[in-house]
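Report on one structure; see the data block that follows.
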Amino acid sequence: MKKILVANRGEIALRVMKTARNMGIKTVAVFSEVDRHAPHVTFADEAVCIGPAPSSESYLKGDTIIETAKKLGVDAIHPGYGFLSENADFSEAVAKAGLIFIGPKAHAISVMGSKLAAKETVKKYDVPMVPGIDEAITDTEKAKQIAKDIGFPILIKASAGGGGKGMRVVEKESELEEQMKRAISEAKSAFGDGSVFIEKYVGSPRHIEIQVLADTHGNVVHLFERECSIQRRHQKVVEEAPSSVLSPKLRQEMGEAAVNVAKSCDYIGAGTVEFLLDEKHNFYFLEMNTRLQVEHPVTEWITGIDLVEQQIKVAEGAELSFKQEDLTITGHAMELRVYAEDSLDNFMPSVGTLDVYRPPSGNNIRVDDGFLEGMEVPIQYDPMLSKLITYGKDRMEAIQRMKEAIDQYEVEGVATTLPFGAFVMDHEAFQSGDFDTHFVKNYYSEEKLKGERKAEAEIAATIAIQEYLKDVEKLRVPKHR
Ligand code: MV4
């Protein structure tokens with residue numbers, strides 16, 4: 001591979017290009033009209049404007065991107081995450097154009113894009129699943145019978161959903177019919193597919209995902225887990241690796257299950273298998289994400305493996321250079337997603353100019369971002385400013401470093417979720433490791449954060465006054481001599 005086009009923007013485009021460059025591969029950026037001066041554009045060896053700001057007219061224009069790639073003599077396209085990364089038709093169109101898609105084949109993407117097809121596919125591989133059904137249901141009488149069999153509360157999910165979209169908890173039989181009708185009509189309008197199914201509702205789960213890597217020679221390995229339970233409205237906020245609750249045995253079992261999920265769909269490249277872990281530490285397969293994930297850096301740090309490098313090598317047809325036994329976990333990595341959102345005002349998007357933008361740096365700190373001081377945060381795209389990642393020999397060290405890094409991070413001009421990150425790091429439940437997916441809902445309120453900030457400000461003010469008085473005292477001394 002000599003030249004790669006990155007069909008994305010922001011931090012992930014930059015992150016992919018950095019590895020490509022390290023491998024001696026030329027890079028091509030594509031960009032929308034508002035991204036003309038973005039770092040991913042200036043970093044790339046070549047860059048092409050592909051349309052106006054709205055994604056539908058630029059970063060989602062698969063045909064335009066493929067044409068651009070052919071015109072510039074590109075060998076492969078890396079889709080990043082979001083945009084076209086989980087679009088089966090795009091994967092296929094890239095291959096048909098004689099280019100390499102750095103990711104799985106269309107088959108794996110489309111199977112895992114449908115929750116029902118995914119269940120059907122992994123079933124033969126002995127992967128644990130939440131009690132429920134694995135086919136679309138429209139008949140409410142049948143649904144009632146199933147719900148009684150598995151027991152309330154149950155969860156109605158949309159097959160075409162994912163990431164929590166189109167889910168409904170049903171507590172009792174009398175609510176079932178109404179909720180099913182709503183779920184079906186919602187799924188139809190949101191995804192153009194009204195298929196829904198039923199699962200037992202797991203009340204206080206942890207969200208644990210396993211990174212997998214598969215080559216084209218039938219080798220599949222896992223790179224352990226990421227703990228992603230700290231999320232807000234299905235938006236992850238903090239991710240870490242390893243999880244503080246997995247025993248070596250459970251880690252191995254979940255890893256093997258994840259490898260089987262990858263095998264079931266002939267997976268190629270880097271992928272992530274999501275599981276729920278209940279209070280008794282039973283795990284259940286949820287879905288597979290067929291892309292490089294936002295939170296991949298924590299896995300890179302504890303394993304020492306560059307996932308983008310592996311994606312590229314596998315896409316070239318190389319055999320994985322390591323086996324499962326070669327992989328180990330060293331230390332602990334923590335990631336905070338820094339969003340341009342106001343955590344003191346209902347996480348409202350905070351667009352504007354980054355008047356001051358100075359990310360922290362140093363040993364054990366990694367910042368993946370795609371912004372520079374003075375840049376505007378565009379409203380058209382994801383409001384994530386950066387990923388702040390820290391590393392330590394153990395979890396407490398990674399948390400401590402994260403707190404220091406948050407303190408050092410200077411942003412003015414837009415509100416960020418940095419204070420919210422500090423709240424999480426300081427929280428007793430987070431520090432003890434005793435939390436689930438309801439952490440934010442259970443513990444966070446703007447009042448609490450405001451209270452903490454006020455207490456901090458008061459301490460700072462007290463110290464400042466004491467210092468001032470000391471200075472006054474010092475100044476007074478000579479006068480009396
Ligand atoms: C569940 C569940 C409880 N029981 N399934 C949310 C996203 C989608 N991937 C699946 N999700 C869930 N499925 C059963 N049977 C709870 C969730 C869930 C969740 C999962 C992971 C991380 C955060 C979450 C927040 C709310 C609900």
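I need the full set of residues from the range 428-442 which are within 15 Å of the ligand (Cβ to nearest atom) and in contact with a helix residue (DSSP H, G or I) (Cβ under 6 Å, 6 or more places away or on another chain), in order please.
The one that is within 15 Å of the ligand (Cβ to nearest atom) and in contact with a helix residue (DSSP H, G or I) (Cβ under 6 Å, 6 or more places away or on another chain): PHE435.
Considering each residue of the range 139-147 in turn, at least one proves to be of a type outside the set (A, V, I, L, M) and under 14 Å from ARG182 (Cα atoms).
When ILE302, ILE399, ILE379 are checked against the criterion of being touching a helix residue (DSSP H, G or I) at 6+ places or on another chain (Cβ under 6 Å), farther than 30 Å from ALA106 by Cα and hydrophobic (A, V, I, L, M, F, W, C), a single residue qualifies: ILE399. Residues in the range 171-189 that are crowded, with 17+ Cβ neighbours inside 10 Å and either of a type in the set (Lys, Arg) or within 29 Å of the chain's Cα centre (by Cα) (or both): ALA183, ILE184, GLU186, ALA187.
Of these, GLU173, GLU135, which one is more than 20 Å from GLU186 (Cβ to Cβ) and away from the ligand (no atom under 12 Å from the Cβ)? Break it down into steps so the answer makes sense when it comes.
Numbers: GLU135 fails: more than 20 Å from GLU186 (Cβ to Cβ).
From the options GLU173, GLU135, the qualifying one is GLU173.
Answer with yes or no whether SER195 is touching a residue at least 12 places away in the same chain (Cβ under 8 Å), among the hydroxyl-bearing types (Ser, Thr, Tyr) and under 28 Å from GLN324 (Cα atoms). In short, no. No other residue among LEU336, LEU327 is aliphatic (A, V, I, L, M), more than 30 Å from GLU33 (Cβ to Cβ) and under 19 Å from the mean Cα position of the chain (by Cα) apart from LEU336.
Where helices (runs of 4 or more DSSP H) fall wholly inside the range 364-481, the ranges with 2 or more residues that are aliphatic (A, V, I, L, M) and out of contact with any Lys or Arg (no Cβ under 8 Å at 6 or more places or on another chain) are 395-408, 418-426, 446-480.
Quick check on this structure: which one of ASP193, ASP215 is modelled with pLDDT under 95 and surrounded by fewer than 22 Cβ atoms within 10 Å (Cβ to Cβ)?
Among ASP193, ASP215, only ASP193 is modelled with pLDDT under 95 and surrounded by fewer than 22 Cβ atoms within 10 Å (Cβ to Cβ).
Against the numbered list (1) within 15 Å of the ligand (Cβ to nearest atom); (2) in a loop (DSSP other than H, G, I, E, B); (3) not assigned by TED's automatic domain parsing to the domain that holds LYS313, GLY194 comes up short only at (1).
Which one is farthest from the ligand (Cβ to nearest atom), of the residues in the range 160-170 that are within 21 Å of the chain's Cα centre (by Cα) and surrounded by 14 or more Cβ atoms within 10 Å (Cβ to Cβ)? Explain how you work it out, then say what you get.
Filtering the range 160-170 down to residues within 21 Å of the chain's Cα centre (by Cα) leaves 160-167.
Keeping just the survivors that are surrounded by 14 or more Cβ atoms within 10 Å (Cβ to Cβ) gives 160-162, 165-167.
Working: ALA160: 13, GLY161: 8, GLY162: 6, LYS165: 8, GLY166: 10, MET167: 6 Å.
For the range 160-170, the residue satisfying everything is ALA160.
The values are calculated or read from the model by the stated rules, or taken from the named source; none is laboratory data. None of the values given here were measured: they were computed from a predicted structure. Cβ coordinates were reconstructed from backbone atoms using ideal geometry, including for glycine residues, and neighbour counts include every protein chain displayed.
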